[in-house]
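K.L.:
The structure's right below; bear with me while I get my questions together.
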Amino acid sequence: MQIDVIDHPGAAQPASPSSTIVLVRDGDGEIEVLMIHRGADTAFGGMWAFPGGVIEEADIPEGTAPDPLPAARRAAVRETHEEVGLHVDEQSLVYWSHWLPPVDTPRRFSTWFFLAPAVDTHADEHVGVDGEEVHAHQWIAPANALAMQACGEMLIAPPTYVTLEQIHRYGDVASA
């Protein structure tokens, strides 16, 4: 890969570069995020997550290598469109965080997280579910997703959990 991938030195299983978008919108008195239920045969199968996926060579804008952020932005936008059919303006993405799993994790992803406002006021009507990669979706307040995780109704990976905890602190999209 032409970009610098953040990874642990000497990791036996190199981390695949990936990115994700946390789409946010103003809900009824609180911020909401778009979460998707991943298909069993995908990375994070059976878990609720944010749209995103692996960065591909074609995602690297000409002249930007080895900087990973332009490729991560482009991949996040592409993956969101592929997974749920929503168009997101690449310029609207705000860098949020980066996650890297421990070296002993079987399937490893070096993931850039971006926050983006859902500008389509009818975004829920336009979200697609293919039944394979994505089984369901929902706009949900972070506090509700965390409560569902706590009582076993929703399975969430640690990076998603922490991101929900962070976003929960903001009352609306503008402050986030």
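The values are calculated or read from the model by the stated rules, or taken from the named source; none is laboratory data. From a predicted model like this one, the values you see are computed outputs, not experimental measurements. Neighbour counts run over all protein chains shown; Cβ positions are idealised from the backbone, glycine included. In case anyone asks, the SASA skips ligands and DNA or RNA and just uses the protein heavy atoms, side chains included. Shrake-Rupley method; radii C 1.70, N 1.55, O 1.52, S 1.80 Å.
K.L.:
Which Rg and Dmax, in Å, describe the Cα atoms of region 1-42?
P.N.:
Cα only, region 1-42: 16.5, 48 Å (Rg, Dmax).
K.L.:
Continuing with this model, one more query. Note down the magnitude of the dipole of the chain about its Cα centre, charges +1 on Lys and Arg C-beta and -1 on Asp and Glu C-beta and zero elsewhere, to the nearest 20 debye.
P.N.:
Details: 8 positive and 27 negative charges, 106 e Å.
Its charge dipole is roughly 520 debye.
K.L.:
Sequence gap at least 6, Cα distance under 8 Å: using those rules, report the relative contact order of the chain to the nearest whole percent.
P.N.:
Averaging sequence separation for qualifying contacts and normalising by length gives 31 percent for the chain.
K.L.:
I need the per residue convex hull volume for region 52-125, using only the alpha carbons, in cubic angstrom as a whole number.
P.N.:
Values: hull volume 8.1 nm³, N = 74.
Once divided by residue count, the hull of region 52-125 is 109 Å³.
K.L.:
Helix-only estimate, please: 222 nm mean residue ellipticity of the chain, summing -39500 (n - 2.57) across DSSP H runs of length 4 or more and dividing by its residues, to the nearest 500. The partial results should precede the final answer.
P.N.:
Values: 4 runs with 40 residues, N = 176.
Taking each H run of at least 4 residues, the total per residue is -6500 deg cm²/dmol.
K.L.:
Among all stretches of the chain without exposed GluC sites (Glu not before Pro) (DSSP loop, at most 12 other Cβ atoms within 10 Å), which one is longest?
P.N.:
Working: sites that count: Glu62, Glu132, Glu153.
My reading of the result: 63-131 is the longest stretch.
K.L.:
Say a site is exposed when it is one of the trypsin sites (Lys or Arg not before Pro), sits in a DSSP loop, and has at most 15 other Cβ atoms within 10 Å; what is then the longest site-free stretch of the chain?
P.N.:
1-106
K.L.:
Sticking with this one: Go through Ile36, Ile6 and list them by solvent-accessible area, largest first, probe radius 1.4 Å. Working shown, then result.
P.N.:
Details: Ile36 0, Ile6 80 Å².
My answer, sorted largest first, is Ile6, Ile36.
K.L.:
What is the helix-to-structure angle for 68-84, meaning the angle in degrees between its Cα long axis and the longest Cα principal axis of the chain, kept from 0 to 90 and rounded to the nearest 10?
P.N.:
So the inclination is approximately 50 degrees.
K.L.:
Multiply the residue gap between Glu30 and Ser92 by 0.36 nm, knock off their C-alpha separation, and tell me the result in nm, one decimal place.
P.N.:
My answer for the length gained is 20.3 nm.
K.L.:
Most fluctuating residue of His98, His137, His37 in a GNM of the chain with Cα springs under 10 Å: which is it?
P.N.:
The residue with the greatest mean-square fluctuation here is His98.
K.L.:
How large is log10 of I(q)/I(0) for the chain at q = 0.08, 0.10, 0.12, 0.19 Å⁻¹ when the intensity is taken from the Debye formula with one equal scatterer per alpha-carbon?
P.N.:
-0.23, -0.36, -0.53, -1.34
K.L.:
Which angle between 0 and 90 degrees, to the nearest 10, do you get for helix 158-167 versus the longest principal axis of the chain when only C-alpha atoms count?
P.N.:
The two axes meet at around 50 degrees.
K.L.:
Give the average over all directions of the projected area of the C-alpha convex hull of region 1-80, one decimal, in nm².
P.N.:
Over all viewing directions, region 1-80 projects a mean Cα-hull area of 7.0 nm².
K.L.:
Please check: in the Gaussian network model of the chain (C-alpha springs, under 10 Å), which one of Ala65, Ala136, Ala76 has the largest mean-square fluctuation.
P.N.:
Maximum among the listed residues: Ala65.
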